[in-house]
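Colleague: Quick one: the structure is below, questions incoming.
Quick note: the coordinates plus some simple rules give every number you see, no bench work behind them. Values in this document were obtained by computation on a predicted structure and should not be read as measured data. We place every Cβ from the backbone using ideal geometry, glycine too, and count neighbours over all the protein chains shown.
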Amino acid sequence: MSRLPLNQALELPPEQMRELGYRVVDLLVDHFTTLPDQRVVRLPSRAELERRLRQSVPETGRPPAEVLAQLAEDVLPFVTRTNHPRFFAFVPVPGNYVSAMADALVAGFGTFAGTWFGGAASAELEILTIDWLRELCGLPESAFGLFVSGGSMANLTALAAARHHYLGDDPRGAVVYCSDQTHSAVERALRVLGFGREQIRKLESDSAFRLPLPSLARALDGDRAAGRRPFCVVANAGTTNTGAIDPLDAIGALAQQHGTWFHVDGAYGLPGRLDERVAPLYRDISGRLAGVDVARAADDELRAPLEAVWGALLRLGPALRSGAQPPPQEGRVVQLAVSGGGVPKRAVDAVDVKLVAALNPLEGEEDSGDPLPAAVAEDPGSTLQIVESVLRSSNPF
């Protein structure tokens, strides 16, 4: 069968495709291999970027190599290296070269995972890799989920499921409880879902930055006595500010006692679930490990299989699957979002996990020898000293 002629306005001939691909790969390899020696931040002024990039809408195309060269010269140097070993701000987790190649494969093949008809194999990969994450989190086989674009969408998805199944999509008079350490994505999700500020009880955290049980119990009792509907308790399994893990089992028991939904935000802390030294902190009311975390991000064999993935896991009982009103003990949702980066597609995330996990298995790897996790576990107060020593031994910004 003869191939249809190329659309010269949209496609490149095979030799130019390969040439462009090789140039992109060279850029990536140079980036990953020189990353520790690069500056973490180069923050130009708006005026400088305008000078470098401002132009009218082009009427003719440019050679791909020329565009790529400008990207390498005027754009990429001025993007903060969030994957730099000395980057300690914000919480995006770095991807790696294999993940970048997975993104390229999915984008190139135009993979679609929205329906089984549109992409059965990619949908099956999503089912498989979600099952892997479910098993790693210690969740039961009844748990299911999907990949989403990030922690914000993971919270929104899980809370939307809670609102639908527990409130019948009517948030009037319902109250949600969380600590002042809860990520702002939770409040934003609730506002999108129709909850007013007056319906969100943001409780002051204790000295360990955790949600205090006495304050939560008083708030639940007070709202119920006032005729309001306590709807959902949000617990943190690794806050983005300090990595604090709320007492999940005790909060879960209190939520069950009051008949409220129990939402665990694990968008930042999940990998700690894999560290046996802190894994007991993730117990929920059923005695299972609730699937959220803080963790050994410095430990490659733990981090690599979870890199460059965003996901939402919903732990729902049979009543929720059928759309019936659930009993309180089934009203628990655990959402997780592991790392970030890459194209926010479900197919991309599934392929990322499959490829990275296949090349970086959890079992059978030698210890990385990194002293950071053990040192921090023995003396949490040593964290700042460790960070300071790393900074002093590194190149300046």
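Colleague: What percent of all Cα-Cα pairs in region 144-239 falls into each 10 Å bin, going from 0 up to the bin containing the maximum distance?
Modeller: 15, 47, 32, 5
Colleague: log₁₀ I(q)/I(0) of region 1-125 at q = 0.10, 0.11, 0.20, 0.23 Å⁻¹, via Debye over equal Cα point scatterers, no solvent, to two decimals?
Modeller: -0.50, -0.61, -1.29, -1.35
Colleague: Still on this structure, I have one more. Have a look at I127, L193, A162 and report the one farthest towards the positive end of the charge dipole of region 120-249, computed about the Cα centre with Cβ charges (Lys/Arg +1, Asp/Glu -1).
Modeller: L193
Colleague: Per residue, what volume in Å³ does the Cα convex hull of region 195-264 take up? Don't jump to the answer; show the numbers that get you there.
Modeller: On the way: hull volume 6.5 nm³, N = 70.
Cα convex hull per residue, to the nearest whole number: 92 Å³.
Colleague: For region 22-33, what does the Karplus curve 6.51 cos²θ - 1.76 cosθ + 1.60, with θ = phi - 60°, yield as ³J(HN,Hα) per residue in whole Hz, taken in order and with x for Gly and Pro?
Modeller: Those phi angles translate into 4, 5, 5, 4, 4, 4, 5, 4, 4, 5, 5, 7 Hz.
Colleague: How far, in nm, would the chain grow between R23 and A250 when pulled straight, counting 0.36 nm per residue and subtracting the alpha carbon separation? Don't jump to the answer; show the numbers that get you there.
Modeller: Numbers: separation 227, 0.36 × 227 = 81.72 nm, distance 5.45 nm.
Stretched out fully, the R23 to A250 stretch lengthens by 76.3 nm.
Colleague: I'd like the projected area of region 96-156, averaged over all directions, using the convex hull of its alpha carbons. Report it in nm² with one decimal.
Modeller: Working: hull surface 21.2 nm².
Result: a mean projected hull area of 5.3 nm².
Colleague: As I understand it, the dipole of region 47-155 uses +1 on the Cβ of Lys and Arg and -1 on the Cβ of Asp and Glu, about the Cα centre. Which of A100, P140, Q55 lies farthest toward its positive end?
Modeller: Selected residue: Q55.
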